[in-house]
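Written out below as structure tokens is the structure these notes cover.
A short reminder: the numbers here are calculations on the coordinates, not readings from a lab. From a predicted model like this one, the values you see are computed outputs, not experimental measurements. Neighbour counts run over all protein chains shown; Cβ positions are idealised from the backbone, glycine included.
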Amino acid sequence: MSQPFAAFPVAKASLRTVNGHRPDGYPDSATGDIDPSGEAALVRRIRQDVAKQLTRATRAHETATGTPMPTQERDALTRRLVTEALDVYGTDEMDGGRARLHPQVESRISRTVTNTLLGAGGLQPWLNSPDVEGIVANGCDQVFVTFTGNQEQRVAPIADSDEEMVELVRVLAARTGNEERRWDRAAPMLNLQLPDGSRLNAVMDVTRRPSLSIRRHRFMTMTLPELLQLGAIDAALAEFLRAAVAARLNMVAGGPTNAGKTTFLRGLASAIPPYERLVTIEDTYELGFDADKQRHPNVVAMQARDANVEGEGAVTMAMLFRNGLRMSPSRVFVGEVRGDEVIPLLNAMSQGNDGSMSTIHASSSVGVFRKLALYAAQSPERLEQATTNLHIAEGLHLVIQLRLTLDGRRFVTSVREVVDADGLQVASNEVFRPGPDGRAVPGAPPSTGLMEKLVYHGFDPGLLQRRQGWWDTTTTWGQQ
């Protein structure tokens with residue numbers, strides 16, 4: 001292991017006493033014990049000192065080698081600097097006639113500082129909170145947290161400087177997924193999934209200050225009964241969707257950002273028998289089917305990859321999709337359609353890979369058709385809208401639209417059955433339409449062919465006779 005860090009010894013002055021008294025505010029002790037406030041102050045002092053040295057050391061390494069410091073080397077350096085900082089503190093205490101920290105106390109402080117520096121740092125408290133739905137930071141000190149119910153609050157800084165914030169994100173990038181993801185001047189944009197399933201996006205160098213956005217997934221596993229309990233669907237929708245999954249209908253879930261599309265897809269997938277082989281294709285891992293071994297024991301999770309410094313090695317979602325179809329999948333899932341992967345997706349849906357599902361950003365269920373056509377027109381194939389609509393009519397069966405209200409409520413607002421295509425228009429039945437409060441209620445009758453498939457798989461048509469739906473308004477997803 002290289003050692004280019006001799007120029008960065010532990011800064012003793014920052015840990016020394018002042019006029020024979022410790023500046024932390026806790027009393028001296030002959031036993032080496034320390035009170036909670038004093039321990040917290042010492043943890044903060046050592047963390048800040050080591051973090052500054054880490055930032056200098058990693059920058060020196062990158063300047064000297066042209067590459068980020070390897071994860072193992074950075075971990076070892078972190079632990080060494082923490083140990084040295086505590087040794088300096090202990091020596092200063094004895095030089096001042098006071099006892100060193102008790103070994104158990106010293107070990108606890110070392111563990112706390114190390115875990116903070118090697119973990120999510122100032123982000124960790126918010127990642128640990130079950131009530132947090134989102135975190136954004138414009139620099140280290142302009143930090144805003146969104147809680148359930150769409151309530152936003154400005155909170156304390158996540159790092160002591162923008163430089164430390166950059167190092168924090170780099171640590172997260174180095175520890176997440178199958179490969180270390182770069183974040184530097186040559187690769188200033190970063191997307192990754194954190195260990196808890198949250199999705200992080202970060203930008204540096206092309207912004208005035210480093211910035212990040214984290215979207216939390218409060219429900220890493222989900223079922224249709226749980227969606228019903230949360231108020232995202234009613235009893236009729238729950239049975240309709242269960243039968244649709246069993247009938248292997250191809251579905252796309254649309255909605256705005258943060259409407260719960262990924263969580264909803266997890267709920268749909270929960271109705272798939274465990275013996276089926278699933279292939280998931282994503283820009284950044286989010287679906288997490290492979291983590292639920294009991295419900296989905298046979299999963300291949302695939303993630304797109306950016307090009308390296310030489311501009312080589314990129315793997316697009318379209319490439320993954322084409323390869324995924326060769327892996328004998330029972331169903332294929334695309335985490336989110338946002339580009340030319342729409343072509344292989346529609347081809348797969350129309351060529352026998354029934355039961356496939358995806359999500360897409362759209363403002364309405366009708367808007368899903370326009371978005372699919374737009375992406376197809378922008379693809380290398382440059383499909384005309386009429387051709388795309390034929391693909392949609394041939395392969396896509398249902399479009400499900402989710403809504404996010406201003407007060408944070410999430411629910412299904414529309415379900416469309418794709419019937420046919422006529423030039424620039426996709427013909428569809430809105431079998432569930434928005435009710436007075438926006439929640440989906442029974443609308444146009446399903447086609448005979450669709451109803452026969454649903455009934456064959458246990459759906460009760462009588463559930464559609466209640467025109468006001470079966471909603472329980474006492475529970476709402478997003479306000480728990």
Let me know the shape class of region 123-215, please: from the alpha-carbon gyration tensor, a ≥ b ≥ c as square roots of the eigenvalues, rounded when a/c is under 1.5, otherwise prolate if a/b is greater than b/c, or oblate.
-> oblate
Please work out which option in (i) 0.91; (ii) 1.17; (iii) 1.08 gives Cα Rg over 2.2 N^0.38 Å calculated from these coordinates, and answer with its label.
-> (ii)
Over the chain, the sum of -39500 (n - 2.57) across DSSP H runs of at least four, divided by residue number and rounded to 500 deg cm²/dmol, gives at 222 nm -11000 deg cm²/dmol
List the relative contact order of region 224-464 as a percent without decimals, with contacts defined as Cα pairs under 8 Å and 6+ residues apart.
-> 21 percent
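Mean separation of Cα pairs under 8 Å and 6+ residues apart, divided by the residue count of region 136-283: what relative contact order is that in percent?
Relative contact order here is 16 percent.
Kindly give Rg over Rh for region 224-464, based on alpha-carbon atoms, with the Kirkwood expression for the hydrodynamic radius. Mind showing how you got there, number by number?
Values: Rg = 17.2 Å, Rh = 18.1 Å.
Answer for region 224-464: 0.95.
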Degrees between helix 36-65 axis and first principal axis of the chain (Cα, 0 to 90, nearest 10) = 80 degrees
May I ask you to list the trypsin sites (Lys or Arg not before Pro) in region 162-244 that are in a DSSP loop and have at most 15 other Cβ atoms within 10 Å of their Cβ?
-> ARG185, ARG208
Trypsin sites (Lys or Arg not before Pro) within region 276-361: which are DSSP loop residues with at most 10 other Cβ atoms inside 10 Å?
-> ARG326
Cα centroid of region 320-366 to Cα centroid of region 266-316, whole Å = 12 Å
Which trypsin sites (Lys or Arg not before Pro) from region 376-479 combine a DSSP loop assignment with at most 14 other Cβ atoms within 10 Å?
-> ARG382, ARG466, ARG467
In order through region 453-467: 3J(HN,Hα) via Karplus (6.51 cos²θ - 1.76 cosθ + 1.60), integer Hz, x for Gly, Pro = 5, 5, 5, 4, 9, x, 7, 9, x, x, 5, 8, 7, 7, 5
Which cross-chain or sequence-distant (5 or more) residues have an amide H under 5 Å from the amide H of GLU336, H modelled 1.01 Å from N in plane?
-> ASP283, THR359
What list of ³J(HN,Hα) couplings, whole Hz, do you get for region 85-100 from phi and the Karplus terms 6.51, -1.76, 1.60, once you set θ to phi - 60° and write x for glycine and proline?
-> 5, 5, 5, 4, 4, x, 5, 4, 5, 5, 4, x, x, 10, 6, 5
Centroid-to-centroid separation of region 57-107 and region 394-453 [C-alpha atoms, Å] | 59 Å
Taking +1 at the Cβ of each Lys and Arg and -1 at the Cβ of each Asp and Glu, which of LEU372, ILE46, GLY197 sits farthest along the dipole of the chain towards its positive end, judged by Cα position relative to the Cα centre?
-> LEU372
HN-Hα J couplings of region 370-386 from phi, Karplus 6.51/-1.76/1.60, θ = phi - 60°, integer Hz, Gly and Pro as x?
-> 5, 5, 4, 5, 5, 5, 5, 5, 8, 6, x, 6, 6, 5, 6, 4, 4
Interchain or long-range residues, amide H under 5 Å from GLY134's placed H = THR146, ARG216
Angle between the Cα long axis of helix 103-118 and the longest principal axis of the chain, 0 to 90 degrees, nearest 10?
-> 50 degrees
